[in-house]
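Just below is one structure, and these are the notes that go with it.
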Amino acid sequence: MNESYHRQMDDLASRLRRGAISRREFLVRSTALLAAGAVAGIPGASRAQADAPKSGGTMRLGLHNASQNDNLDPGTWSTSWTGASFNGGVYNNLVEILPDGTAQPDLAESWEPNENASVWRIKLRSGVTFHNGKSLEPEDVRQSFLHHMGEGSTSGARAIVQQISSIEVDGTDTVVFTLADGNADFPYLLSDYHLSVFPALEGGGIDIQSASGTGAFLLDSFEPGIATRLVRNPNYHKNNKPYLDEVEFISIPDATARLNALLTGEVDFIQDVDIRNVPMIERSTDFAVQRVPGLRHFSFDMDTRVAPFDNPDVRLALKYALDRDDVIEKVFLGEGRKGNDNPVSSIMKFYHEMPQRDYSVEKAKEHLQKAGLETVSVDLHVAENAFAGAIDAAVLYQEHAARAGITINVVREAADGYWENVWLKKPFAGVDWFGRATVDWLFSTIYTSTAPWNAGWSNARFDELHALARAETDDDKRTAYYAEMQQIIHDDGNILTVAFVDWRNGVSTKLGYETVGGLMPLDNMRMCERWWRKD
Amino acid sequence: MTSRSHPILSMVTSRIGLGLLSLLIVSLVIFSAVSFLPGSYASAILGQNATPEAVAAMEQKLGLNRPWFLRYVAWLGAAATGDMGMSFAGRPVMTVVGPRLKNTILLASITAVIAVPLAITLGVLCARFRGRFIDKFLSTTTLASISLPEFLVAYIVMMVLAVKLQLFPSMAGIRNGMDFADQLYRMVLPILTLLLVILAHMVRNTRAAILSVMASPYIEMARLKGEPEGRVVLRQALPNAIGPIASVVALNLAYLISGVVVIEVVFVYPGIGQAMIDAVRNRDVPVIQACALIFATAYIGFNLIADVISIVSNPRLLHPR
């Protein structure tokens, strides 16, 4: 858009401020101007992403998961709201995950593991200061981690920090982490949003209340469950960042209200657009639906200790009896990437591509025969919150499987209490998995035989490979180990992945951004410092 | 007996006593009901970080592993001394609920200040011009708006005034930093929606109350004595219809405090209804209890005021045969 356009817009704005025109008149005339600008800008529309970042302006985000219980204690953070506003705005981690999925030093300057990846020396970046003027020291890092550790810890990062057996300060700029076992993915774990670095207090502990981080923004105001407002930190340690002067997080729990807020210009960005609302956003030239491939996947999980799921051929028969294309087309309205009985997302490092498993009545029957069965009858437990569309997906699956001689009884469960009473309790049930940023983390949370959420499946070779890969620092060897593990899950595992879903956001075309990361929501929680305004 | 010297005072005292008993029962029912819900604060808040170990540690810390009635007794003991306790996230309950309550009361009072006089005036007009155009018009429109679910009214108002005409913002999210004029501007749509919802009820009841008094023989007498119709309605009928009108007004005021959650959700207004939903989702019992008590108190309080008004306006009620 050209000079004269900007001049006209500024002129209108100043007339509104002087009171020379009414708010309404301003809206009408500025919309007309914008529309003219949008038409003029059509040939260059695709250049949107290539534009260089610009400084200034305010970005307003309409998110749905704020809670009045939100607070600055990093151990309590559990939502994209707290993650993106506190961790991604006010604080930093030692390590940042870039949009392409690689781990890059943030508050750390560099790291160095020993040969079996059990001792990590982390050198801190120099010259970083907290918002209150204090310089970043190794003790700040140590206390920030100790905050999540200890016997009675209620932190969301408890499972991560349990791997750490000690943290030592070495000199003025180095922290040494000693792990109970080797873990080559340790830098990734350091990027977990709970593990933000806070200033240490004299005599131990961290200073939570002053809201003093090292992040790109200062916390200007925070009303739990309502809104959070951040203003630019002029002394940020990353070049040129942040681009925005202000970021405002606005809580809008209702999906329709979020859509209206976007369409009426109250916010510039909304998360988790309902699939039925996609056309309403896409038919306007001022907004776009942004789909970011992520880790989240919808699945039907089996307890392999219970008959008939204890028979690998029955599991394969069930895997072949699902027409994933049909489910994605009819239930998810085309919004999803086909699952392949592998919980590892294609955007993850060490993802192993295998031939797609498709619907096949013959193969399902063949595996049933191998199991010595003519037919089989199983109960599939779902609720409307097992995953979005779970009940419809189960009913379609029932139809698909019937053709292969498999009877699926769809058991509808109450949504309230589904995760307490059905998930991990019933032998065959729908699950909405958020995924984990690394393959090791994913497997050790859900698939190894000692994983806390293991649904009964165990495989000795899988466990063995898991231990080998974890302590291995050579990427080629790890790639081979993880490929074999994914093959084992694909062939023998207890998970039937229906689809991977994207982070689906509604975005004003006035916002600029580069490639958007999908390992975590909201550009890996760091959209505040990565995005900018184009106008 | 004191009832002879201060009949109204004694009525109020006994009603407050009964009110406190109701509050006790409400708190017991809510507390036990929430305890029987599946899931706990720990599993809700930890989400996909809720490994069994982490859940156990959090339940231990919050004392959630004790039986619910022990927790209730402990809560009740503190509440009796005016201490509403801490939310499970570690903030005082009054800090969590207070600002929300303030917003709810602001929205309710502005709506009430407009709605009550307007409803009574329109009701009186309908009664005075019974069967004429204004009566028919108001009866039909109020019947229509009473029949529509409130969220539909809200969306229609939003579609016309915010999306099509762009006169008002679609979101009523008021915040601490805004000045009062800006807050008011943002609150126009929810106020308008609430007006449409509660006006209808009050107008129809005012009209019905006056008309039922108008059927009394003394009204006939007043007319025979040559009182003009307007005077008959205002001076003779209205004072005797105040009791029923007061109770319908009380009901609607209580609704404005405790029943507007749908409007809050549609217009993203940070009121107390959303606070309670948030708390129920997280199983944050102390906050749920505080909200429930506020709602119950609103109902009991407004009804008590309505009863006092009816008695004062009709002393016969003080001396039931």
**Item:** Kyte-Doolittle mean at least -1.0, axial Cα span of 30 Å or more - DSSP H helices of chain A
**Value:** none
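Could you tell me the calculated FRET efficiency between A:A180 and A:I488, based on Cβ-Cβ distance and R0 = 22 angstrom, to the nearest 0.05? Show your work: numbers first, answer last.
Details: r = 25 Å, r/R0 = 1.15.
After rounding to 0.05, the efficiency reads 0.30.
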**Request:** Give me the compactness ratio for chain B, meaning the Cα radius of gyration over 2.2 N^0.38 Å.
**Result:** 1.22
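Please work out whether region B:70-185 counts as rounded, prolate or oblate from its C-alpha gyration tensor, where a ≥ b ≥ c are the square roots of the eigenvalues and a/c under 1.5 means rounded, while otherwise a/b larger than b/c means prolate and anything else oblate? Kindly include the intermediate steps, with their values, before the conclusion.
Details: a/c = 2.74, a/b = 1.78, b/c = 1.54.
Note, shape of region B:70-185 comes out prolate.
In chain A, what percentage of the DSSP-assigned beta bridges are antiparallel, given to the nearest 5?
Details: 56 of 72 bridges.
Counting only bridges with both partners in chain A, antiparallel ones make up about 80 percent.
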**Request:** Mind checking region A:265-300 for chymotrypsin sites (Phe, Trp or Tyr not before Pro) that DSSP puts in a loop (not H, G, I, E or B) and that have at most 16 other Cβ atoms within 10 Å?
**Result:** none
**Asked** Can you list the HN-Hα couplings for region B:308-314, worked out from phi with the Karplus curve (6.51, -1.76, 1.60; θ = phi - 60°), rounded to whole Hz and with x for Gly and Pro?
**Response** 4, 4, 4, 5, 4, 7, 9
**Asked** Taking only DSSP H segments of four or more residues, each worth -39500 (n - 2.57), what value at 222 nm results for chain A once the sum is divided by all its residues, to the nearest 500 deg cm²/dmol?
**Response** -8000 deg cm²/dmol
**Fill in**
Going from the fewest other Cβ atoms within 10 Å to the most, one would list B:T141, B:T104 as B:T141, B:T104
**Asked** If the cut-off is a Cα-Cα distance under 12 Å, which aspartates and glutamates reach A:K365, setting aside same-chain residues fewer than 8 apart in sequence?
**Response** A:D313, A:E374
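Given N residues in region A:297-500, what is its alpha carbon radius of gyration divided by 2.2 N^0.38 Å? Each step should come with its number before you reach the end.
Working: Rg = 16.3 Å, N = 204, 2.2 N^0.38 = 16.6 Å.
So region A:297-500 has a normalised radius of gyration of 0.98.
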**Prompt:** Expressed as a rounded percentage, what relative contact order does chain A have, with Cα pairs under 8 Å and six or more residues apart?
**Reply:** 21 percent
**Request:** Could you pull out every residue, at least 5 positions away or on a different chain, whose amide H is within less than 5 Å of the one on A:R125? Hs are placed 1.01 Å off N in the peptide plane, and Pro or chain starts have none.
**Result:** A:A108, A:E109
**Asked** Using the 10 angstrom Cβ neighbour count as an exposure proxy, how do B:K225, A:K477, A:K241 rank, fewest first?
**Response** B:K225, A:K477, A:K241
**Fill in**
Computed over the Cα atoms of the protein assembly as shown, the Rg and Dmax in Å are 31.4, 110
**Net charge dipole size for the protein assembly as shown [Lys, Arg +1 and Asp, Glu -1 on Cβ; Debye, nearest 20]** = 4820 debye
**Complete:** When the charge dipole of region B:1-90 is computed with +1 at the Cβ of Lys and Arg and -1 at the Cβ of Asp and Glu, the Cα pointing farthest to the positive end, of B:L18, B:L70, B:A89, is that of B:L18
**Message:** Given contacts defined as C-alpha pairs under 8 Å and at least six residues apart, what's the relative contact order of region A:297-500, whole-number percent?
**Reply:** 36 percent
**Prompt:** In region A:246-338, with Lys and Arg counted as +1 and Asp and Glu as -1 at Cβ, which of these residues, A:N311, A:A261, A:V289, has the Cα nearest the positive end of the dipole, that is, farthest along it?
**Reply:** A:N311
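Based on alpha-carbon positions alone, could you give the equivalent ellipsoid semi-axes of region B:9-115 from the gyration tensor, as √(5λ), descending, whole Å? Before the final figure, lay out the partial values.
Working: eigenvalues 211, 86, 30 Å².
Three semi-axes, in Å: 32, 21, 12.
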**Asked** Can you pull out the trypsin sites (Lys or Arg not before Pro) in region B:118-158 that DSSP calls coil and that have at most 11 other Cβ atoms within 10 Å?
**Response** B:R132
**Message:** Using each residue's phi in region B:190-200, evaluate 6.51 cos²θ - 1.76 cosθ + 1.60 at θ = phi - 60° and report the 3J(HN,Hα) Karplus result to the nearest Hz, with x for Gly and Pro.
**Reply:** x, 5, 4, 4, 4, 4, 4, 6, 8, 4, 4
**Item:** Built amide H within the under 5 Å cut-off of A:G225, gap 5+
**Value:** A:S67, A:D70
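May I ask which of A:K330/A:K477; A:K54/A:K123; A:K241/A:K349; A:K134/A:K534 have a Cα-Cα span longer than 30 Å here? Write out the running numbers ahead of the final one.
Working: A:K330/A:K477 41 Å; A:K54/A:K123 32 Å; A:K241/A:K349 27 Å; A:K134/A:K534 34 Å.
Distance filter (> 30 Å) returns A:K330/A:K477; A:K54/A:K123; A:K134/A:K534.
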**Message:** Could you derive backbone 3J(HN,Hα) for region A:515-530 from the dihedral phi with the Karplus parameters 6.51, -1.76 and 1.60 (θ = phi - 60°), listing whole Hz in sequence and x where the residue is Gly or Pro?
**Reply:** 4, 9, x, x, 5, 9, x, 6, 6, 6, 6, 10, 5, 3, 8, 9
**Prompt:** How large is Rg over Rh for region B:113-269, taking Rg from the Cα atoms and Rh as the Kirkwood inverse mean of 1/r across Cα pairs?
**Reply:** 1.08
**Fill in**
For A:K425, the lysines lying under 25 Å Cα to Cα, once residues fewer than eight places off in the same chain are dropped, come out as A:K319
**Message:** Which GluC sites (Glu not before Pro) in region A:188-285 sit in a loop by DSSP (not H, G, I, E or B) and have at most 11 other Cβ atoms within 10 Å of their own Cβ?
**Reply:** A:E202
**Item:** Positive-end residue of A:G89, B:I30, A:A455, charge dipole of the protein assembly as shown with Cβ unit charges
**Value:** B:I30
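What order do you get for B:I191, B:I174 when you list them from fewest to most C-beta neighbours inside 10 Å? Numbers along the way, then the final one.
Details: B:I191 19, B:I174 24.
Fewest-to-most Cβ neighbours within 10 Å comes out as B:I191, B:I174.
Rg to Rh for region A:266-326: what is it, with Cα atoms only and Rh by Kirkwood?
Numbers: Rg = 19.4 Å, Rh = 15.6 Å.
Reported Rg/Rh (Cα atoms, Kirkwood Rh): 1.24.
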**Prompt:** What is the P(r) of region A:92-214, as percent of Cα-Cα pairs per 10 Å bin from 0?
**Reply:** 14, 48, 34, 5, 0
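Let's see if you can work this out: charge +1 on each Lys and Arg Cβ, -1 on each Asp and Glu Cβ, no other charges. What is the dipole magnitude of chain B about its Cα centre, in debye to the nearest 20?
On the way: 25 positive and 14 negative charges, 180 e Å.
Magnitude of the dipole: close to 860 debye.
Report, in debye and to the nearest 20, how large the dipole of region A:82-169 comes out about its Cα centre when Lys and Arg carry +1 and Asp and Glu carry -1 on their Cβ. If you can, show how the numbers build up before the last one.
Details: 6 positive and 11 negative charges, 36 e Å.
Rounded to the nearest 20 debye, it is 180 debye.
Computed from the coordinates by the stated procedures, all read-outs in this text should not be read as laboratory data. Model, not experiment: these values are computed from the prediction. Glycine gets a Cβ as well: all are built from the backbone with ideal geometry, and neighbour counts include every protein chain shown.
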